[in-house]
Amino acid sequence: MSKKITVSKAIGEALHEEMVRDDKVFIMGEDMAVMGNVFAITRGFLEEFGPNRVIDTPISEEGFCGMAVGAAMRGMRPVVELMYDDFATVAADPLLNQAAKMRYMSGGQATVPMVLRAPMGAGRRNAGQHSQSLENFFCHFPGLKVIAPCTAKDAKGMLKSAIRDDDPVIVLEHKLLYAKKEEIPEEEYLIPLGQADVKREGKDLTIITWSREVNFSLEAAQTLAAEGIDVEVLDLRSLVPLDWDAIVKSVSKTHNVIIVSEEVKRGSYAGEISAQIAEELFDELDAPVERVCGLNIVPPFSPTLEDENFPHPDTIVKAVKRVLNK
Amino acid sequence: MANKKYSKEQLTDFYRTMVRIRTFEEKAAECFTKGMLAGNIHLSIGQEAAAAGAFAAIQPQDYFTSTHRGHGHAIARGMDPNLCMAELFGKKTGYCQGKGGSMHIADMKKMNHLGANGIVGAGQGISAGSALASKIMGDDAVTVGCFGDSSTNEGTFHENLNMAAAWKLPVVWFIENNCYGVSTEIHRVTNTPDLAPRAAAYDVPFAVVDGTDAVAVYEAMVKAMDHARSGKGPYVVEAKVYRYQGHYCGDPAVYRPDEYMEKALENDAIEKMGKRLMDLGVKAEELEAIRKAADDEMNAAVQFAVDSEYPDPSEAVTDVYSSDNERCVAR
Ligand SMILES: Cc1ncc(C[n+]2csc(CCOP(=O)(O)OP(=O)(O)O)c2C)c(N)n1
Ligand SMILES: [Mg+2]
C-alpha cells in the first residue's frame, strides 16, 4: 500500500514515528513548537508531546547545538534544526569540534546520537546567507555522517535511520523539495544510511547526484533519451558514508560520469567524488569526469543572477553531451 | 512623552520620515503580493518611530548596521528610495546591483550604512568592529548597531558588548523590541522583562524607551550618542515597538494573540504624532500634503524599479574579489 504526501509531511511523519517509538527522542530549534516550524513540518507536535520534547529555542544556535551534544552524550536523541543550513557557521564549534570529534577523542567512550536537520539550497531568491549548499563543509569533518535525500520516501526512511544512528547525522533538506508530493509506503519502513539508489537506469553515462539535482538530472535524462542518449541517474542520498560500490558498479557499466550538485564548485564534495573516481576507476573511464556545480561565487539575489548559479536540466544536458562528445 | 519643547518643524520632520517609511513599505508589500518581487521581504510597519527618532540623533559622519528588517533605517538615514526599491526588485540599479536584495541594502561609502544583514546578530560584531576602527583611527564617528530583540540571545551580543565596554568603544546598540523573533514571543525564551538591562552586567549604561514615540527615542539616542562620542564607551537603547505584519510579508502571524495588534494600533506612532501636530495648530491639509508627497515619491520609486533592467547574467561572477577577480572565480 502506498500514499501520496509531500516531502515535508514525510519528514514530519519520520519525526513523529520516532518520537512515539522512543521517548529519548526530542526536537529543538527556532519556531518549531508554537508555530510548528517555518515549513510547517512539526505542526501539532507541541500539543502532542509537550514542551519538554518539543522545544522552541531562542535565536542561540551555538547554544542549542551545544546542548544537543551534551544531551546526546547523556543518552538522549536530540533532533535539532537550523532554520537554514547557512546558520551552521554560527554553530560551528558544537557541530564541528564537539559533536564530530567527541567519540574519537574520548577513545570511543562517547556516543553523540544527535541529528541536525538543515534546510539548504538555491532557487528561492534568498541571497548569499540563505541559499547555500554546504555539503563540502559538513563532509569535511570526520565524525559526522551526512545525508541529502531527494524524494519523500527517502527523506522519511533515512531520517528515521538517522535518528536511530549512534553518530551525529547532518540531514540536508532542500527547501524547494518540501512541497513536492510523492508516493511513499503506507507501512513503516527504514532506509539505511550509506546506500545510493539508481533512480534511472542507463548505459551511456552516469550522473552522480543528490538532493534537488536528482530531479533536474531525471528531467535532463528524459530530454537526452529523446535524442538517443541513455543516462543513468545515481542518487547518492548519503554522502558520508558514501556508497562506493554503487559508484563502481555504475561507472564500470557506462564509462562516463558527470557529478551534479548545487555547491560552489571549488572545493565541492562533487570534486571529492571526482577525485576518487579518477584515482581508482581511471581505467574504466572513456572521458574525464566533469563536475556540474554552482559557480565560485556568493549566491546572488537577483533572479537573472541566481539562475546562473545552480545546474538546471539544460545545463546538465549540455554537460552530458560535452562528455560524450555529441 | 518627552517634556522638552520641540518646534512644529522638528515634529513635522519626524512625521514625514515615519510616513515615508510606511509608504515605502506599503508599496513594497503591494508589489510583493502581486508577485513583482522575488524572495522575501520583512516589513517594519509599526516600528517607524524607532527609526525616525534614532536616525535624527545620528550624525552624517556616524556609521550604522541594520538587519533583515531594515528598510526603515535606510529611509530614515536619507537614502534614496528609488535605489532601495530597485534592490528589492533585484534590479541592476539597486544599491547592491541586485546582488543582495531586501535583506542586504547597504550604502557604505555615501551613507556609512555598513549593511543590512541576513544573519541574526551579525551586526553586533560589525558595529563594534566599526567602533574599534574609529577608536584606532581617532575619528569622532559613533557606530550604531540596529537590531531586534531576539538577536540579543545570540552569543555575539555578550562577547561584543563585553569587548566594547572593556575597550570603551564608541558604539551605540539600538534594540527595536517588537517582542517577537519570527513566531517566538521573546519572554518565552528570555527570563527578563527588558533586554537593555543586560548592559548593566558589563557596566554599560542603558535606557528603555517607548519606541512608538519618535521624540522619546530621539532623546534617548541623543544621550547615548553623546556618551559614546565622548569616549565613555558603549550605550544600549531599547525601544519598545510593535511589528504590525507577520515576520515576513505574507506571514499571517497566527501565533500572536489579538491583543498585540489592538495595543499596537492604540499606539500607532504616526497617528499619535499627527495628533500632536494638530494640537500645535498644524492643519489636517498639511499632514495630508505630507502623505500625498510620500505617496508620489514611493510610487515613483516603484516605477523606477519596474523600469530598471535586471542585471545581465554575466554579472553573476563580478565583484566576488576586489582584485584578480576573474582568476579567483574561474577556478
Ligand atoms: C543566525 C540566524 N538565525 C536565525 C535566522 C532566521 N531569522 C531571521 S529573522 C529572525 C527573527 C529575528 O528576530 P528579532 O531579532 O527580534 O528581529 P525582528 O525580526 O523582530 O525584527 C530569525 C530567527 C537568521 N537569519 N540568522
Ligand atoms: Mg523582534
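Values quoted throughout were computed directly from the atomic coordinates according to the rules given, and no laboratory measurement underlies them. Since the model is a prediction, treat every value here as computed from it, not as a measurement. A quick note on method: Cβ atoms are made from the backbone with ideal geometry, for glycine too, and the neighbour counts reach across all protein chains shown.
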Original post:
What shape does the stretch B:166-322 have by the C-alpha gyration tensor, where a ≥ b ≥ c are the square roots of the eigenvalues, rounded means a/c under 1.5, and otherwise prolate means a/b greater than b/c and oblate the rest?
Top reply: rounded
Subject >> Cα convex hull of the stretch A:197-324, projected area averaged across orientations, nm² >> reply: 7.4
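For the stretch B:8-305, rounded, prolate or oblate, judged on the Cα gyration tensor with a ≥ b ≥ c (square roots of eigenvalues), a/c < 1.5 rounded, else prolate if a/b > b/c? Walk me through the numbers on the way to the answer.
Working: a/c = 1.35, a/b = 1.29, b/c = 1.04.
Verdict is rounded for the stretch B:8-305.
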Original post:
Across the Cα atoms of chain A, what radius of gyration and what greatest pairwise Cα-Cα distance (Dmax) are found, in Å?
Top reply: 19.4, 59
Original post:
For helix A:244-254, what angle does its Cα long axis make with the longest principal axis of chain A, in degrees from 0 to 90 and rounded to 10?
Top reply: 20
Original post:
Can you list the residues, at least 5 places off or on another chain, whose amide H is less than 5 Å from the amide H of B:ASP107, using H built in the peptide plane?
Top reply: B:HIS113, B:GLY115
**OP:** Using only the alpha carbons, work out the radius of gyration and Dmax of the stretch A:141-258 in angstrom.
**Re:** 14.7, 47
Original post:
Which whole number gives the average, over all residues in B:113-124, of C-beta atoms from other chains lying within 10 Å of the residue C-beta?
Top reply: 3
Original post:
What helices does chain B hold that run 18 Å or longer along their axis, going by alpha-carbon atoms, with a Kyte-Doolittle average of -0.5 or more, using DSSP H for the helix calls?
Top reply: B:122-137, B:214-229, B:284-307
Subject >> Projected-area average for the stretch B:166-256 over all orientations - Cα convex hull basis, square nanometres >> reply: 6.6
**OP:** Assuming a ≥ b ≥ c are the square roots of the Cα gyration tensor eigenvalues, decide whether the stretch B:1-139 counts as rounded (a/c under 1.5), prolate (otherwise, with a/b larger than b/c) or oblate.
**Re:** oblate
Original post:
Considering amide H positions built from the backbone, and no H for Pro or chain starts, which residues 5 or more places from A:GLY267, or on another chain, come under 5 Å of its amide H?
Top reply: none
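So, counting K/R as plus one and D/E as minus one, what does the shell of residues with Cβ under 14 Å around A:ASP167 add up to?
On the way: positive: A:ARG77, A:LYS101, A:ARG103, A:LYS145, A:ARG164; negative: A:ASP165, A:ASP166.
Around A:ASP167, the surrounding residues sum to +3.
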**OP:** Apply the Debye scattering formula to the stretch A:1-108, with a single equal point scatterer on each alpha-carbon and no solvent, then give log10 I(q)/I(0) at q = 0.11 Å⁻¹.
**Re:** -0.37
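Once the Cα gyration tensor of the stretch A:2-185 is diagonalised, what are the square roots of 5 times its eigenvalues, in whole Å and ordered largest first, as equivalent ellipsoid semi-axes? If you can, show how the numbers build up before the last one.
Working: eigenvalues 106, 73, 52 Å².
Over the Cα atoms of the stretch A:2-185, the semi-axes work out to 23, 19, 16 Å.
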**OP:** Jot down the radius of gyration and Dmax of the stretch B:36-85, Cα atoms only, both in angstrom.
**Re:** 11.5, 36
Original post:
What is the helix-to-structure angle for A:7-21, meaning the angle in degrees between its Cα long axis and the longest Cα principal axis of chain A, kept from 0 to 90 and rounded to the nearest 10?
Top reply: 40
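Nearest 20 debye, what's the magnitude of the dipole of chain B about its Cα centre given +1 on Lys and Arg Cβ and -1 on Asp and Glu Cβ? Provide the component values of the computation, followed by the final result.
Numbers: 34 positive and 45 negative charges, 114 e Å.
With Lys and Arg at +1 and Asp and Glu at -1, about 540 debye.
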Original post:
Hey, got a sec? Which trypsin sites (Lys or Arg not before Pro) in the stretch B:86-138 land in a DSSP loop and have at most 13 other Cβ atoms within 10 Å?
Top reply: B:LYS109, B:LYS110
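Determine the calculated [θ] at 222 nm for the protein assembly as shown from helices alone, applying -39500 (n - 2.57) to every DSSP H run no shorter than 4 residues and normalising by the residue count; nearest 500 deg cm²/dmol.
Numbers: 22 runs with 253 residues, N = 657.
After summing the helix terms and dividing by residue count, I get -12000 deg cm²/dmol.
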Original post:
How many percent of all Cα-Cα pairs in the stretch B:102-170 sit more than 13 Å apart?
Top reply: 64
Subject >> For A:GLN195, distant residues with modelled amide H under 5 Å away >> reply: A:SER238
Original post:
On a 0 to 90 degree scale, rounded to 10, what angle separates helix A:212-226 from the longest Cα axis of chain A?
Top reply: 20
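Counting only Cα atoms, I'd like the Rg/Rh figure for the stretch B:202-255, Kirkwood definition for Rh.
On the way: Rg = 15.2 Å, Rh = 13.0 Å.
So for the stretch B:202-255, dividing Rg by the Kirkwood Rh gives 1.17.
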Original post:
Mind checking which of A:ASP166, A:ASP307, A:ASP245 has the largest fluctuation in a GNM of chain A, springs on alpha carbons under 10 Å?
Top reply: A:ASP245
Original post:
Counting pairs of Cα atoms in the stretch A:177-231, how many percent are more than 14 Å apart?
Top reply: 65
**OP:** Would you please report the Å³ per residue occupied by the convex hull of the alpha carbon atoms in the stretch B:243-331?
**Re:** 204
Subject >> When the protein assembly as shown is reduced to its Cα atoms, the Kirkwood hydrodynamic radius in Å >> reply: 26.4
